[in-house]
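Undergrad: Starting off with a structure, shown below.
The values are calculated or read from the model by the stated rules, or taken from the named source; none is laboratory data. This structure is a prediction, so every number in the text was calculated from the model and none was measured. All Cβ positions, even for glycine, are placed from backbone atoms using ideal geometry, and neighbour counts span all protein chains on display.
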Amino acid sequence: MEDELTALSERDRAFYAWQLDVPGFGEEGQRRLRGTTAMVSRIGGLGGPMAFALAAAGIGRLILVHGGDLEPSDLNRQILMRHEDLGTSRVASAAATLRAFNPHIEVETVPSHVTPENVDQLVQRADIVFDAAPRFGERFAMNAACVRHNKPMIDAAMYDLEGQVVVIVPGRTPCLACLYPEEPVHWKRRFPVIGAVSAMLGNMAVLEGIKWITGMGEVNLNTMLHLDARSMRLRKISLNKRLDCEICGAFRESSCGG
């Protein structure tokens with residue numbers, strides 16, 4: 001029998017009618033999305049399109065994690081935020097946009113960045129994590145928490161006209177620390193970006209997440225999707241776990257919650 005929390009109403013069927021026709025998705029896929037809580041950190045050029053695409057698809061609940069106030073330099077790529085909100089909370093502006101766009105989903109805001117102190121309670125409340133943080137410290141914290149709590153994480157990153165998406169599933173794929181044992185020493189928070197590129201990567205990441213949630217199609221596990229937008233070349237790069245990884249090397253799927 002359908003779970004009451006994920007049952008589709010006639011309103012839902014009307015709202016999501018076109019995607020219900022996608023082979024392998026249908027009403028079962030929509031119900032699974034409706035029953036899913038997704039965390040997105042952060043919601044700028046990458047995470048904003050992620051949150052928007054998840055809201056459009058009908059995710060049940062979004063946890064938006066982003067600190068600080070909106071600045072003029074944010075507006076060329078942070079699609080959820082508005083000029084009239086300059087100087088106010090980024091995450092509040094983004095949430096208002098999403099609630100106006102799709103009032104049938106739940107949006108929770110966390111007006112701070114991911115930290116070692118809050119990461120575990122945030123990850124535990126989500127079914128899936130979408131990582132778009134510009135700082136490796138935040139990415140590493142989410143990666144470690146997802147491994148601890150056996151939660152999948154979709155990691156997206158970009159620089160200039162290149163970007164990548166990696167699906168991290170504890171026990172089944174390399175984790176972020178397998179790929180980056182140490183934080184890149186030359187990485188800076190500000191980097192070259194064109195909004196169209198970050199939006200492309202964000203939507204690729206969400207599609208991988210939707211496939212994981214619904215069982216539709218083939219999720220690219222143990223693979224990095226690498227996009228070079230200068231040539232519009234998409235490559236699939238095979239990835240391997242590091243058995244000596246300090247984060248996931250000793251992972252035992254059966255012993256973790258989630």
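Undergrad: Contact list please: Cβ distance under 7 Å, first residue in the stretch 46-65 and within 16 Å of ASP127 (Cα to Cα), second residue buried (at least 24 other Cβ atoms within 10 Å of the Cβ) and basic (Lys, Arg), pairs at least six apart or on different chains.
TA: Hits for this filter: VAL65/ARG42.
Undergrad: In addition: I'd like to check something: does the stretch 91-98 contain any residue that is assigned to a loop (DSSP other than H, G, I, E, B), at negative phi, buried (at least 23 other Cβ atoms within 10 Å of the Cβ) and touching a residue at least 40 places away in the same chain (Cβ under 8 Å)?
TA: Checked against the condition, which is being assigned to a loop (DSSP other than H, G, I, E, B), at negative phi, buried (at least 23 other Cβ atoms within 10 Å of the Cβ) and touching a residue at least 40 places away in the same chain (Cβ under 8 Å), the stretch 91-98 yields no hits at all.
Undergrad: Follow-up question, since we're still on this one. I need the full set of residues from the stretch 118-139 which are at pLDDT below 95 and more than 18 Å from MET50 (Cβ to Cβ), in order please.
TA: PHE136, GLY137
Undergrad: Looking at the stretch 113-122, is at least one residue touching a strand residue (DSSP E or B) at 6+ places or on another chain (Cβ under 6 Å) and without any contact (Cβ under 8 Å) to a residue 60 or more places away in the chain?
TA: no
Undergrad: Identify the residue in the stretch 141-176 that is within 14 Å of ARG42 (Cα to Cα) and modelled with pLDDT under 95 and, among all such residues, is surrounded by the most Cβ atoms within 10 Å (Cβ to Cβ).
TA: If we take residues in the stretch 141-176 being within 14 Å of ARG42 (Cα to Cα) and modelled with pLDDT under 95, then MET158 is surrounded by the most Cβ atoms within 10 Å (Cβ to Cβ).
Undergrad: I've got another one for you. Taking MET50 as meeting all but one of (1) in contact with a Phe, Trp or Tyr (Cβ under 6 Å, 6 or more places away or on another chain); (2) loosely packed, with under 15 Cβ neighbours inside 10 Å, write down the number of the exception.
TA: Condition not satisfied by MET50: (2).
Undergrad: When you look at THR115, is it of a type in the set (Ser, Thr, Tyr), surrounded by 15 or more Cβ atoms within 10 Å (Cβ to Cβ) and outside any helix (DSSP H, G or I), yes or no?
TA: When the stated conditions are applied, THR115 does not pass them.
Undergrad: Quick one: in the stretch 69-90, of everything that is free of Cβ contacts under 8 Å to residues at least 24 places away in the same chain and part of a loop (DSSP other than H, G, I, E, B), which residue is nearest to ASN203 (Cα to Cα)?
TA: Among those that are free of Cβ contacts under 8 Å to residues at least 24 places away in the same chain and part of a loop (DSSP other than H, G, I, E, B), it is LEU75.
Undergrad: Follow-up. Of the residues GLU108, GLU71, which is among the charged types (D, E, K, R) and modelled with pLDDT under 95?
TA: GLU71
Undergrad: Separate question: Kindly evaluate ALA51 against the criterion of being touching a strand residue (DSSP E or B) at 6+ places or on another chain (Cβ under 8 Å) and either acidic (Asp, Glu) or within 16 Å of GLU208 (Cβ to Cβ) (or both).
TA: Yes; evaluated as a whole, the condition is true for this residue.
Undergrad: Mind checking which pairs have a first residue in the stretch 193-214 that is touching a residue at least 24 places away in the same chain (Cβ under 8 Å) and of a type in the set (Val, Ile, Thr) and a second that is buried (at least 20 other Cβ atoms within 10 Å of the Cβ) and not in a helix (DSSP H, G or I), Cβ under 7 Å, 6 or more apart or different chains?
TA: VAL193/GLY45; VAL193/MET158; VAL197/MET158; VAL197/GLY163; ILE213/THR36; ILE213/ILE128; THR214/PHE25
Undergrad: Still on this structure: LEU64 versus (1) over 18 Å from the mean Cα position of the chain (by Cα); (2) surrounded by 15 or more Cβ atoms within 10 Å (Cβ to Cβ); (3) not hydroxyl-bearing (Ser, Thr, Tyr): which is the lone unmet condition?
TA: (1)
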